[in-house]
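Every number here is computed from the coordinates shown, using simple stated rules; none is lab data. Source: prediction; values computed, not measured. Ideal geometry is used to build each Cβ from the backbone, glycine not excepted, and the neighbour counts take in all protein chains shown.
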Amino acid sequence: MSTNLSLATSINTAPQAAGTIAASSRHRLSPEEHRRLARQRRLRRELTGWAFLVPMFVFFVVFLLAPVILVFWWSTQEGSLTTGTEFVGLDNFRRLPRQIDAPIAIRNTLRFTLMSIPVTLIIALGVAMLLARVGRGGSVYRFLVYFPALVPGVVAGLIWIFLTSVDFGLFNTALRSVGVDPVVWLGPKSALQVLAALDVWRSVGFWAIFFLAAIIGLPRELYQAAELDGANGWQRFHRLTLPLLRRVILFAVVVATIFGLQVFDTALILTEGGPGTATLTVVYRIWTYIFGSTDKVGYGAAMSVALLVAILILTVIQLRLLRGQRGED
Amino acid sequence: MSVSLPHPDGAVDAFAIELLGVTKRYGDFVALQGIDLDIAPGEFVVLLGPSGCGKSTLLKIIAGLEDASEGEVYINGQLANYLRPKERDVAMVFQNYALYPHMTVETNIGFPLAMRRHTKAAVAERVREVAALVGLTDHLRKYPDQLSGGQRQRVALGRAIIREPVAFLMDEPLSNLDALLRVQMRSELLKLHKRVGRTTIYVTHDQIEAMTMADRIVVLRDGVMQQVGTPREVYSRPANTFTAIFVGSPPMNLIPGRLLTADGGQRFQGPISVDLAALGPMAGVGEEITLGVRPENVELSGSGDAATIPGRVELIESVGADTYLSIAVAEGTTVMVRVSADTSVQEGDCLHLRFPPQRLLLFDPAGNRVTLPGEPA
Amino acid sequence: MERVLTHLALILAAVICAAPFFYVIAASLKDQGSLFHYPPVWVQIPPYTGNYERLLFDSGFPRWMLNTLFVASTVTGLKLVLDSMAGYALAKLEFTGKRVIFVLMLTLLMVPFAALLIPLWSIAHNLHITNTYLALILPPLANPLGVFLMRQFILGLPKDLENAARLEGVSEFGIYWRIILPLVKPGLVVLAVIIFTDQFMSFIWPLVATTRDDLLVLTVGVAGLRAKGGVNFGLWSAAAVMSLVPIAVFFFALQRQFLARSMAGALKQ
């Protein structure tokens, strides 16, 4: 080939078999020398790793970690965001139950979550099973069912104000057309339920697709074996699908709960927290503490802490569940 | 310490690669223990051993992709421990080829030169040469997922040789190929080595590859070197029982017993009895030893006499050109013997075996081979 | 028979989900007369365009839409780079504190803006970025979801690919840019879609962070229609329809890819 191989031609003969080192002029290095030389290499590696991580991490620290830490500090303050505050220790937490609407907000949020999540997930699971049955041809169904999930909460709220309008909304028009009396949907006794229904309408599609992906991932042979053994549809679902999807369902429950606890935009638009305080939620209350009663920032922070802690607990539960399950798989 | 190594055409040290006491630990697990090795320029050295013995780790340490916990690596006379992989001037063929899936064959092969900022024209020229050398001229525009296993392997080879480094490091390059292809590629690799002539360190668990390709074999087990020698040496004078069994297929017969005195000399006494007088006087009388003899070295005798050992044929295995007989010589002891394929022996036959003394090997209780009197050390 | 039932059930579900939209589309083309007419007018002929005219010419809607598209695209672009770099570091590089940072990010993954409104606002205020685009763009960059997604995809790449490149002296950044990124393109697409959609729908932080009219994003502006203008179903319907146009088009075009990939990718964890 090229002249670069001129060396090669002179080293073609196999060298003498020599397993041991004949008078090597190479020397061993002391551990200190090794440590000294290794330091540079180690440093370079550390720097590289950090260089890639840091850009994102900076934002993480400033806009996520710092606020998490600061919210605890804020919860010990009394005053307003703009005019300064003073320290009051845990007073905010102690006085919280007596603060206007705080307990109501918490109760509403919990009731909302308990109403909407089981309904959402059960329907979603059912829809997912149906979609799995239909397979490829279901792309139109998938699109239509998923679409509400893409709607910003604000827009969904507007749509539902219209739908629930007593005289001119779709719901009552439909009811009237079958001879049923119109309902006041957003009345004080039913507003929260309607809010939950809105959430179900929005979320079913998302979770249905989520469960669908999980179902598609299940091994088909198990179902074929079950059919051969004579199991009918319900039995297959009950004894195969549910246990296999246990991990996925638990994940969905935790994540949906975390999202459910943060309900705000739909409550704001649909009913502005009302009528009265029927749909006042935790985040709604926090928001009003910022821009409403401007000297109660500490209470807002205290409620934020409560929400934060609840979510962190849920996160830990979920991580523990996932890790535990993985060990079993 | 970030100076590049001198080009092979310049002044060359006696050894291309030297390893001094290389040790590698992962926490408590010792992957490599005190590896000392010298490799001469142009040598084809095979690191042979079972899975997990550390041979791939050693290769990665030489390449700079892993760090040694202890010990020094010298490449072309220069301390390489703290040089970056690029600065060590070695090329590597990975076990799974590590071809860039999103680049064409041409770009893959030319990658090393492109990274060293050779001109596009120079790179294209060299790629053409190398492609011709490895037989891929018609496939330059294809992507790796359009190639067969053998072709992918050749791309990996091409990428390694395009640069003309100090040494080639090959990590089980043939293990992903089917048997026929493997035999073909083996001879092609050898031919390539003869043409290009660079130092090569080749890792494998296949002792046939080692035997056919190596100038020297380094047998590794659990991170410890068992033996370094030519294929001939490793085969006929294995350093211990592990090497004796690992190299050579079917494996050497090993029979445990004792060394005893008898009139006129010593004898081996175990499930069978073999006269060792012809070997000369040995030390360690009364101690346990293991007798070793390869299947092709056991002779069949037509008639029985004092020097032969009787046995009954239990199993006949034919592998085409040869036939291997499993012969029960005692309760629980079987000796494998190689005979030619046109033998008329049948199962259940009684045969007489002769163990020629000069073909016998003895191993001490620790498994190390005992040097026989009259044998060079 | 079972097939028919399945389809019927799915049709029912699809109708329940989609019917409100058709109702709203129809409403957006009605004038006040038709809207408040009894018995109800299903579709007004000829359609009334006044709602849309009012929306597009007489309200801040175009500006809101522009703001949202700008912010969403910028955040998406930035996050693709930041998250893939951080994901690469967590997946393939070694450095002190890696474990700690990983756990930290994992723990705070689910923490929402809602709980951090107060301190976030205070930080933004002290950085003097409230009522600027920066306030809308910077805080969302903190979400670690993308980092985990990228890490998961990058972990799947064989280590020898980088080793081969390192042997040829490719710089660490070169490995990231030339080898890793091209090979996780599907992951980048999934991430881009998730982030863009999320930013499009984001409400509570923009609500708090920007109060100037020209900085309002879509969700906040539309909410303002509710707060300020009194009941105006026609206008609201038009706003709803216009808000959904970009997403509907985008999504329907990518539908098959998006659904399959985003869910599969998420579930791999």
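What pairs from B:Lys86/B:Lys194; B:Lys60/C:Lys79; B:Lys86/C:Lys92; B:Lys60/B:Lys191; B:Lys55/C:Lys185; A:Lys189/C:Lys30 go past 28 Å between their alpha carbons? Mind showing how you got there, number by number?
Details: B:Lys86/B:Lys194 25 Å; B:Lys60/C:Lys79 35 Å; B:Lys86/C:Lys92 19 Å; B:Lys60/B:Lys191 25 Å; B:Lys55/C:Lys185 35 Å; A:Lys189/C:Lys30 32 Å.
Beyond 28 Å between Cα atoms: B:Lys60/C:Lys79; B:Lys55/C:Lys185; A:Lys189/C:Lys30.
Pairs of alpha-carbon atoms within less than 8 angstrom and 6+ residues apart define the contacts here; what relative contact order does chain A have, in percent?
About 27 percent, as a whole number.
Report the Cα-based extents of chain B along its three principal axes, largest first, to the nearest Å.
The principal-axis extents, from largest down, are 79, 44, 38 Å.
Which residues' amide hydrogens lie under 5 Å from the amide hydrogen of B:Arg258, considering only partners 5 or more residues apart or on another chain, with H built in the peptide plane?
Long-range HN contacts for B:Arg258: B:Gln269, B:Gly270, B:Ile289.
Of the chymotrypsin sites (Phe, Trp or Tyr not before Pro) in the stretch B:197-246, which ones lie in a loop per DSSP and count no more than 15 other C-beta atoms within 10 Å?
Of the chymotrypsin sites (Phe, Trp or Tyr not before Pro), not one in the loops of the stretch B:197-246 has a Cβ with at most 15 other Cβ atoms within 10 Å.
Running a GNM on chain C with Cα contacts under 10 Å, which residue among C:Met201, C:Met110, C:Met150 ends up with the highest mean-square fluctuation?
C:Met110
By counting other Cβ atoms within 10 Å of each Cβ, how are B:Lys24, C:Lys228, C:Lys79, C:Lys92 ranked from fewest to most?
Arranged by neighbour count, lowest to highest, B:Lys24, C:Lys228, C:Lys79, C:Lys92 become C:Lys228, C:Lys92, B:Lys24, C:Lys79.
Give me the Å³ per residue figure for the convex hull around the C-alpha atoms of the stretch B:57-160.
113
If Rh is defined by the Kirkwood formula over all Cα pairs and Rg also comes from Cα, what ratio Rg/Rh do you get for the stretch A:94-158?
1.22
What is the Cα centroid distance between the stretch A:189-260 and the stretch B:310-376, reported in whole angstrom?
Cα centres, the stretch A:189-260 to the stretch B:310-376: 66 Å.
Peptide C:93-99: average number of partner chain Cβ atoms within 10 Å per residue?
5
What's log10 of I(q)/I(0) for the stretch C:51-159 at q = 0.12, 0.15, 0.16 Å⁻¹, Debye sum over Cα points only, no solvent?
-0.58, -0.81, -0.88
Per-residue Cβ counts within 10 Å, from other chains only, averaged over B:78-85: what number is that?
That average works out to 4.
What whole number of Å gives the distance from the Cα centroid of the stretch C:32-67 to the Cα centroid of the stretch C:93-113?
Computed from Cα coordinates, the inter-centre distance equals 48 Å.
Quick one: compute the contact order of chain C, relative version, from alpha carbon pairs under 8 angstrom and 6+ residues apart, as a percent.
Rounded, it is 33 percent for chain C.
Test of understanding: what is the full-extension gain from A:Val184 to A:Arg111, defined as 0.36 nm times their sequence separation minus their Cα-Cα distance?
24.3 nm
Would you mind counting up the charge near C:Val220? Only other residues with Cβ under 14 Å from its Cβ, with Lys and Arg at +1 and Asp and Glu at -1.
Computed value for this residue: +1.
Compute the distance in nm between two label points, each set 7 Å from the Cα along the Cα-to-Cβ direction, one at C:Val81 and one at B:Ile208.
Those two pseudo-labels are separated by 5.5 nm.
For chain A, compute Rh as the Kirkwood radius over C-alpha pairs and then the Stokes-Einstein diffusion coefficient at 25 °C and 0.890 mPa s; write the answer in µm²/s, rounded to an integer. Mind dumping the intermediate values first?
Values: Rh = 25.7 Å.
In µm²/s, the coefficient is 96.
Among A:145-156, B:332-343, what's the highest-first ranking by average C-beta atoms within 10 angstrom per residue?
Per-residue mean Cβ counts within 10 Å order the peptides as A:145-156, B:332-343.
How charged is the neighbourhood of A:Leu195? Take every other residue with its Cβ under 13 Å from the Cβ of A:Leu195, and add Lys/Arg as +1 and Asp/Glu as -1. Don't skip to the answer; put the middle values down first.
Numbers: positive: A:Arg111, A:Lys189, A:Arg202; negative: A:Asp199, A:Asp265, A:Glu272.
So the environment of A:Leu195 carries a net charge of 0.
Equivalent-ellipsoid semi-axes (√(5λ), Cα gyration tensor) for the protein assembly as shown, whole Å, largest first? Mind dumping the intermediate values first?
Values: eigenvalues 1099, 225, 156 Å².
Three semi-axes, in Å: 74, 34, 28.
Among DSSP beta bridges lying fully in chain B, give the percent that are antiparallel, nearest 5.
If I count the DSSP bridges inside chain B, around 75 percent turn out antiparallel.
Would you mind giving the average projected area, over all directions, of the Cα convex hull of the stretch C:165-228 in nm² with one decimal? Can you show the working numbers first?
Numbers: hull surface 25.8 nm².
Here the figure is 6.5 nm², rounded to one decimal.
Of A:Val166, A:Val297, A:Val140, which has the largest mean-square fluctuation in a 10 Å C-alpha GNM of chain A?
A:Val140
From the phi angles alone, apply the Karplus equation (6.51, -1.76, 1.60; θ = phi - 60°) to the stretch B:139-156 and give each ³J(HN,Hα) in whole Hz, x where the residue is Gly or Pro.
With the stated coefficients, the stretch B:139-156 comes to 10, 4, 8, 7, 9, x, 6, 9, 9, 7, x, x, 5, 4, 4, 6, 5, 4 Hz.
Rounded to whole Å and sorted largest first, list the principal axis extents of the Cα atoms in the stretch B:265-377.
Over the stretch B:265-377, Cα extents along the principal axes are 42, 26, 23 Å.
Just name one of A:Phe264, A:Leu228, A:Val204: the one whose Cα is farthest towards the positive end of the charge dipole of the stretch A:139-278 (beta-carbon charges, Lys/Arg +1, Asp/Glu -1).
Value computed over the given set: A:Leu228.
Place the peptides A:207-215, A:40-48 in order of packing, highest mean first, counting for every residue the other Cβ atoms within 10 Å and averaging per peptide.
The densest-packed peptide leads the list: A:207-215, A:40-48.
Positive end of the dipole of chain C, charges at C-beta (+1 Lys, Arg; -1 Asp, Glu), about the Cα centre: which of C:Ala135, C:Phe250, C:Ala27 has its Cα farthest in that direction?
C:Phe250
Quickly estimate the mean residue ellipticity at 222 nm for the protein assembly as shown, helices only: each DSSP H run with n ≥ 4 gives -39500 (n - 2.57), and the total goes over all residues, rounded to 500. Please list the in-between numbers first.
Numbers: 36 runs with 483 residues, N = 975.
So the helix-based figure for the protein assembly as shown works out to -16000 deg cm²/dmol.
When you have a sec, figure out the Kirkwood radius of the stretch B:208-333 from all distinct Cα pair distances and drop it here in Å to one decimal?
16.7
Give me the net charge for the shell around A:Ala267: Cβ to Cβ below 11 angstrom, other residues only, Lys and Arg +1, Asp and Glu -1.
-2
Take the stretch B:27-90, compute every pairwise Cα distance, and split them into 5 Å bins from 0; I just need the percent in each bin.
The distribution over the stretch B:27-90 is 3, 15, 27, 27, 18, 7, 1, 0, given as percents.
What is the distance in Å between the Cα centres of the stretch B:154-216 and the stretch A:268-285?
First find each Cα centre; the distance between them is then 74 Å.
Taking the 0 to 90 degree range and rounding to the nearest ten, how far is the long axis of helix C:2-28 tilted relative to the main principal axis of chain C, both from C-alpha atoms?
That helix lies at roughly 70 degrees to the long axis.
Let me know the Kirkwood hydrodynamic radius for the stretch A:206-320, please, with Cα pairs as the basis and the value in Å to one decimal.
17.5
Figure the gain on full extension for A:Phe87 and A:Arg246 (residue separation times 0.36 nm, minus the Cα-Cα span) and round it to one decimal in nm.
Separation in residues times 0.36 nm, less the Cα-Cα distance, equals 52.6 nm.
Would you please give the residues with an amide H less than 5 Å from that of B:Leu353, counting only those at least 5 places away or on a separate chain, with H modeled from the backbone geometry?
Excluding prolines and chain starts, which carry no amide H, the hits are B:Ser301, B:Ile309, B:Gly311.
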